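The values are calculated or read from the model by the stated rules, or taken from the named source; none is laboratory data. Everything numeric in this text was worked out from a predicted model, so none of it was measured. For neighbour counting, all protein chains shown are included, and Cβ atoms are generated from backbone atoms with ideal geometry for every residue, glycine included. For accessibility, only protein heavy atoms count, side chains too; no ligands or nucleic acids. Shrake-Rupley method; radii C 1.70, N 1.55, O 1.52, S 1.80 Å.
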4 protein chains.
Amino acid sequence: MILITGASSGLGAALATQYAEEGHTVTISGRSAERLHTVSEQHTNIHPIAADLANEASVTMLFDKLSASTPNTVIHCAGSGYFGGIDTQQATEINTLLENNVTSTILLVRELVKRYRDKKINVVIVMSTAALAAKAGESTYCAAKWAVRGFIESIRLELKNSPMKLIAVYPGGMDTDFWLSSGKTLDTSSFMSAKEAAGMLKQALTASEHGYISDITIQRG
Amino acid sequence: MILITGASSGLGAALATQYAEEGHTVTISGRSAERLHTVSEQHTNIHPIAADLANEASVTMLFDKLSASTPNTVIHCAGSGYFGGIDTQQATEINTLLENNVTSTILLVRELVKRYRDKKINVVIVMSTAALAAKAGESTYCAAKWAVRGFIESIRLELKNSPMKLIAVYPGGMDTDFWLSSGKTLDTSSFMSAKEAAGMLKQALTASEHGYISDITIQRG
Amino acid sequence: MILITGASSGLGAALATQYAEEGHTVTISGRSAERLHTVSEQHTNIHPIAADLANEASVTMLFDKLSASTPNTVIHCAGSGYFGGIDTQQATEINTLLENNVTSTILLVRELVKRYRDKKINVVIVMSTAALAAKAGESTYCAAKWAVRGFIESIRLELKNSPMKLIAVYPGGMDTDFWLSSGKTLDTSSFMSAKEAAGMLKQALTASEHGYISDITIQRG
Amino acid sequence: MILITGASSGLGAALATQYAEEGHTVTISGRSAERLHTVSEQHTNIHPIAADLANEASVTMLFDKLSASTPNTVIHCAGSGYFGGIDTQQATEINTLLENNVTSTILLVRELVKRYRDKKINVVIVMSTAALAAKAGESTYCAAKWAVRGFIESIRLELKNSPMKLIAVYPGGMDTDFWLSSGKTLDTSSFMSAKEAAGMLKQALTASEHGYISDITIQRG
């Protein structure tokens, strides 16, 4: 079973649909039961569970509901964007940004380590190219994504001899609803669709007996 | 005037004392009025203002109180630590860690940019060597410090043509109360004292007509 | 046509064989005509051209010979290893290491940019995880690989609006002849075979209409 | 005694002069005996020794001549620049660039580790901000400087329990003869003079009983 977070839209929804169409059993998670339903209703092998990953009780609940079947792959797409010069940003929005990206990832990975550290599970953490470089107009978004990268790299050290593997994914320039709600206006016509990015990511998430692809950057162009 | 945050103990308190002894006027900030008083009571040129930098109203209040005199240097030492394997960490403590390190830095720098971006002010951001590398047992602390680094590097790009300069400081292995409250037990006898680190930092924070020291790492050993 | 350098053994040879078996036309390059022949003799669609990439006349000759058919993909696997504590390393070996890894990559990429910068070509540069982190006992090898990474990241900026794309690959822990000739003895039984790494890399080198996988790290485990 | 390499001009010459004026005994090194003489002739406490650091016999000779007095500080300023789009660069110049920056640093540090690894010596390696970021038009220079950084970070790991310390310095935007000979034309009137940079660096190279400044970036502005 494949668990996908942030799957009510964008890359997460596209991945869920593509994996389902290949016959995989997929559990999707997101904050809105209604939006998850839109993704799951067309595939009998997609199962929605609404959860707020920034809330530890909700994270526990999510995995309790899964407990009959351990995921062999977790793809963490949950996250949100917030942009603009620092002097134009609002404190409440900054807090939401940190919760949606940093707290949610920490609480999810904490739960995965607690429950499954001795299991052979691939945990795919979808970040952004904003985790790899500083950007003007994206200061708090970069803060959030750099935080996730520092966290993931540290957890890799803690999991050194564990069969659980963390796979880091850095996509840039996707054309998703993400931008609509981000407060940033830009022409996204040359951007990758979520479907394109999902197709490439799915193909690149490969492994062999003695190795695996651990880090993937996806760029437009 | 020099404004120092997180100055009720550790590196911030040591810097405040050393600058005051050289004759500088110093404003110190921290959450506890009582602890600030302990630092300020022995120097007539140290002025305490209690403030919680993770609260935007408190940040505004701090700078409103300063408004008669613009600082020429701001040294941001505020922060806290929290350590341990990820499976041993508590959600409430993780939130506190993010607030004390990430939210506070973002709100402070946002206020500085709003008020002073056209002024020649040096803003010194004290992070940690944990901002430069991943560490097992320090995953959320690294998350917080990487966040601050990503934020600061992005703000540098936003301030490209501004006289305001951001100076990044990465100290490692200081022997301060920080460790007492961090949940990590270790022998700190070979660590730098806050006084030693303050002395080195003060000396290295130098500039000339056409240049300045922009990044400083301080190591023990 | 696919051009593969360093293809007389290891990852380069494995890639050549796998692409040939899928029906692609492959040109392989390496310093030893004899060793190239061993790779090419079993596939009529593998064409060997001996060349020393650290010699500019040899690089020019290689591409002059290709001139009838422009490669759509170039996979640069050429390189060599040299290890040990810095006090045990020999100056002549260090020079050879820099030539085999740094000079060869610079001269190859220079030629590609000169000839093909306006063509839609994917140039895959195979480095090593030693390009991403410092390692004791691998100081000059890290020097060589960090050099290649700094070079490639800079050329990406020069090619910003060009259809030519540079794809960076960082493999770690492969079990190839590389180690036999490197002066380092270690148990490589849990390492990936070149064949495994080639299979994963080939799969991950994917693209869509608006995007492509730009950076890939392959780890053992 | 302080040993300064690359001291016939620029930052190295400025450091030599300033340390000499403070009363230190300084040995300066560079390839041209004549140019070294110009620096040393005005101070009786500056002693020139011509040496080509890219040549291992010359490095050995340099330290044999020093053998009566072990340096307590070595400041490695030797290096050269070469710039331009990659398609405009010459192979012979690229080789010279790698020799002057990479080979010379490797051979110098190798000799220092061989002779002095158990001595309390500070080895200051002056790189460039080009070691920290990729730059269009500086691809081979970035290659050379990233190489040095990867090398130095690896040697730090090899020297983990040694009293010998490596201090990394990253200056940007200095106005020295470096630019005249680099093939790059730009207005350097707002750049730091070598004298300014030397003054700041000298001040920032500080240490206490339990700690030291290990990394310094100097920017113009």
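With all protein chains kept in place, the per residue accessible area of the protein assembly as shown amounts to 38 square angstrom at a probe of 1.4 angstrom. Express in whole angstrom the spacing between the alpha-carbon centres of the range D:198-214 and the range B:118-162. Here the answer is 22 Å between Cα centres.
Once the Cβ-Cβ distance of B:T44 and A:N55 is raised to the sixth power relative to R0 = 60 Å, the FRET efficiency obtained is 0.75. Classify the range B:1-110 as rounded, prolate or oblate, taking a ≥ b ≥ c as the square roots of the eigenvalues of its Cα gyration tensor: rounded when a/c is under 1.5, otherwise prolate if a/b is larger than b/c and oblate if not. Since a/c reaches 1.5 and a/b is larger than b/c, the shape of the range B:1-110 is classed as prolate. Of the DSSP H helices in chain A, those with a Cα length along their own long axis of 18 Å or more and a mean Kyte-Doolittle hydropathy reaching -1.0 comprise A:139-158.
Only lysine pairs 8 or more places apart or on separate chains count here, and in the range B:2-218 those with Cα atoms under 24 Å apart total 22.
Taken residue by residue and averaged, Cβ atoms of other chains lying within 10 Å of the Cβ of C:85-91 number 6. A crude spin-label estimate for the pair B:E21 and D:K202, with each label 7 Å from Cα along the Cβ direction, gives 2.5 nm. Considering helices alone, the calculated mean residue ellipticity of chain C at 222 nm is -12000 deg cm²/dmol, with DSSP H runs of length four and up weighted by -39500 (n - 2.57) and normalised per residue. Think of each Lys and Arg Cβ as +1 and each Asp and Glu Cβ as -1; about the Cα centre, that makes the dipole of the range A:2-218 roughly 620 debye. Per-atom-type breakdown for the protein assembly as shown gives carbon and sulfur 46% of the accessible area (1.4 Å probe, protein chains only). Between rounded, prolate and oblate, where does the protein assembly as shown land on the alpha carbon gyration tensor, with a ≥ b ≥ c its root eigenvalues, rounded for a/c under 1.5, else prolate if a/b exceeds b/c? The shape class here is oblate.
Just how large is the dipole of the protein assembly as shown about the Cα centre, in debye to the nearest 20, putting +1 at every Lys and Arg Cβ and -1 at every Asp and Glu Cβ? Walk me through the numbers on the way to the answer.
Numbers: 76 positive and 84 negative charges, 0 e Å.
Using Cβ point charges on Lys, Arg, Asp and Glu, the protein assembly as shown gives about 0 debye.
Take the accessible area of chain D alone and of chain C alone, subtract that of the pair, and you get about 3000 Å² summed over both chains, using a 1.4 Å probe.
Taking label positions 7 Å along the Cα-Cβ direction at both B:D187 and C:T88, the computed distance is 3.0 nm, reported to one decimal. Distance from the C-alpha centroid of the range C:1-72 to that of the range A:10-86: 45 Å, rounded to the whole angstrom.
Given R₀ = 60 Å, FRET efficiency for C:A68-A:K119 by Cβ-Cβ distance, to 0.05? That pair, C:A68 with A:K119, gives E of 0.65. Once you sort the root eigenvalues of the Cα gyration tensor of chain B as a ≥ b ≥ c, which label holds: rounded (a/c under 1.5), prolate (a/b larger than b/c) or oblate (the other case)? Verdict is rounded for chain B. Other residues lying with their Cβ under 10 Å from the Cβ of C:A134 contribute a combined charge of 0, Lys and Arg counting +1, Asp and Glu -1.
Per residue of D:56-63, what is the mean number of Cβ atoms on other protein chains within 10 angstrom of that residue's Cβ? Don't skip to the end; give the middle numbers.
On the way: counts 5, 1, 0, 1, 0, 0, 0, 0.
Averaged over the peptide's residues, the number is 1.
For the peptide D:95-101, the mean number of other protein chain Cβ atoms found within 10 angstrom of a residue's Cβ is 3.
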